[in-house]
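The structure appears below as C-alpha cells.
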C-alpha cells in the first residue's frame, strides 16, 4: 500500500459550510427565512431573459462577460474594464485569496464576519485572524491593531452578515489609509442595495489602489439560484484575478438574467422600499415582546435572546410551526437567531410564532 493521499495544509481545518435549511419533515407549508432571499423573487425582465436563453443551451457562453460588465458599469457608474464576474461573490472572494494569500500570510476578518472569509483563507493556505467587534459592529481600531507584517488582506462586510450593522464610508476610508503597505481591503457589499444612496465603496476605490469591493445578484435582485456575483477594484488586481478565473464560469442564462436585472432600477427601488417597511415592522414587533435587535441595514434582523438555550428553544418551536430561521452560533452569536425579512404575511407569521413561544416559556 502506498502512503495516504493528503490535502494541502489548512483544508482539513475548514468546517463544511451549511446553507439555510429549506424543509421540515412532516410539514408542507414551510416558511423559509433562513437564507436572506428576496421574497418578491426576480424581476419579470430577468425571468424573461432567462427563458429566452433556453434556445441557446448548446452554445458556449461569453468568456469575457462583456455585455454584463458593460451593464454593471453603466448602472453603477463604473469602468467595465475594472469589473470581474463570478459564480456569486463567493467565487470572487475565493479568487482574491487564491491570488494574493499563501502559506504564512494572514487575513483579517471580524468576529461576526461571514464564514467564507475564513474558509477561503484556509483553502489558500493562509491563516485567518479574527478581531473583535464593538457591540456587533465593525471596529476599525481593532482591525488596525490586528495587522502585522504578515497581513495580506482584510475583509469587511458592510452591511455585515449576520448582524445587519454597518459603518460609514469615512471610517472605511480611514482604515484604508492606515493599513500597512501591501494589504488589500475587501468590502463585501452583498447587501449594499438595501441601503439608500450607498455606493458600497465606489468612491473609495476610485481614489485608492488598496480597496476592492464584491457584489452579488443573489440578494436584492432575487437571483440566488443563478449564482452571479461581481467585483470591482484597481485594474492590476482585476488583471490578476482574470488569470485564474475559468473562461466559462458563468452560463448564458446567468449572464442574460443578471444583465436584465441590473437594468431594472424600478424593481430594485420597489424591493428596497418593501424590505425597509417590513424590516421596521418586524424589528418593532419583536422588541415589544422582549426580543431586541440592532438597527439592521440589510434584509434580515439579528434577534437577540437572553441565553443560548432560549434561542435554541425558540428555533425548535419555530421549526415545529414550519418556520425556518438561522442559528448563528458559528458566528460567535449563540444567543441569537438571524431572521430574513420576508413579505408582510411572512413577517406577521414569524412574529406571531415568537410571541407564542415567549408566552409559553
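The values are calculated or read from the model by the stated rules, or taken from the named source; none is laboratory data. This one's a predicted model, so the numbers in the text were calculated from it and none came from an experiment. Cβ atoms come from the backbone with ideal geometry, glycine included; neighbour counts cover every protein chain shown.
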Residues of region 183-201 satisfying the condition of being part of a loop (DSSP other than H, G, I, E, B) and at pLDDT 95 or above: 183, 189, 190, 191, 195
Number of the exception - residue 347 against (1) in contact with a strand residue (DSSP E or B) (Cβ under 8 Å, 6 or more places away or on another chain); (2) surrounded by 21 or more Cβ atoms within 10 Å (Cβ to Cβ): (1)
Selection from region 46-64 of residues that are crowded, with 16+ Cβ neighbours inside 10 Å and either within 12 Å of residue 263 (Cα to Cα) or in contact with a helix residue (DSSP H, G or I) (Cβ under 6 Å, 6 or more places away or on another chain) (or both): 46, 49, 50, 53, 61
Candidate set from region 168-181 (those that are out of contact with any strand residue (DSSP E or B) (no Cβ under 8 Å at 6 or more places or on another chain) and assigned to a loop (DSSP other than H, G, I, E, B)); member that is surrounded by the fewest Cβ atoms within 10 Å (Cβ to Cβ): 181
Condition check for residue 174: in the same structural domain as residue 50 (by TED's automatic domain parsing), in contact with a helix residue (DSSP H, G or I) (Cβ under 8 Å, 6 or more places away or on another chain) and touching a residue at least 60 places away in the same chain (Cβ under 8 Å): no
Count of residues meeting criterion [crowded, with 16+ Cβ neighbours inside 10 Å, over 20 Å from the mean Cα position of the chain (by Cα) and assigned to a helix (DSSP H, G or I)] in region 318-338: 2
Positions within region 278-290 being in contact (Cβ under 8 Å) with a residue 12 or more places away in the chain and surrounded by fewer than 17 Cβ atoms within 10 Å (Cβ to Cβ), in sequence order: 281, 289, 290
Qualifying residue in region 339-354 (condition: touching a helix residue (DSSP H, G or I) at 6+ places or on another chain (Cβ under 9 Å), modelled with pLDDT under 95 and assigned to a loop (DSSP other than H, G, I, E, B)): no
Listing of helices (runs of 4 or more DSSP H) fully contained in region 50-160 that carry 3 or more residues being under 25 Å from residue 246 (Cα atoms) and under 23 Å from the mean Cα position of the chain (by Cα): 66-76, 88-100, 115-123
Top-ranked residue in region 291-306 [being assigned to a loop (DSSP other than H, G, I, E, B) and free of Cβ contacts under 8 Å to residues at least 40 places away in the same chain; ranked as farthest from the chain's Cα centre (by Cα)]: 306
From 315, 309, residue being part of a helix (DSSP H, G or I) and closer than 19 Å to residue 37 by Cβ: 315
Options 163, 151; residue that is buried (at least 16 other Cβ atoms within 10 Å of the Cβ) and closer than 30 Å to residue 280 by Cα: 163
